[in-house]
Amino acid sequence: MKIRALLHPVCQHRCGQSQLPPELWLITFAALIYFDYCITFPDEVRLIWRRKFRYITALYILCRYAMLSNLLYLLYMAGFIPKRVCLIAFYH
């Protein structure tokens, strides 16, 4: 599957005019998201996980990790994650 099919039409237009290929944009955005997760994880542990579980905690978890699962899905669909890695991760 082509990366362009996964991108919003506005992103397709802008990526088409860029000097960088769309695959590199996807990897760049993935790296930025993972970097954000890494630098904010200590605060997340302190502010979210060590407190009493409430509905706002559930909302936080859904919002934060839904984006991560979406990113993994896009990387898989783009061919950056082999199918065997997904099978190992989800069935073992």
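Here, each number is a calculation from the coordinates, and none is a lab measurement. This structure is a prediction, so every number in the text was calculated from the model and none was measured. Counting neighbours? That spans all protein chains shown, and the Cβs are built from the backbone with ideal geometry, glycine included.
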(message) Suppose each label sits 7 Å from its Cα in the direction of the beta carbon; what would the ILE56-ILE81 distance come out to in nanometres?
(response) 3.1 nm
(request) List, in order, the whole-Hz ³J(HN,Hα) value for each residue of the range 40-47 obtained from phi through the Karplus relation with A = 6.51, B = -1.76, C = 1.60 and θ = phi - 60°; use x for Gly and Pro. (result) 9, 4, x, 5, 4, 4, 5, 8
(message) Give me LEU26, LEU68 sorted ascending by neighbouring Cβ count inside 10 Å, so fewest comes first.
(response) LEU68, LEU26
(message) Using the Karplus curve 6.51 cos²θ - 1.76 cosθ + 1.60 with θ = phi - 60°, what ³J(HN,Hα) values do you get for each residue of the range 59-67, in whole Hz, with x for Gly and Pro?
(response) 5, 4, 4, 4, 5, 5, 8, 5, 5
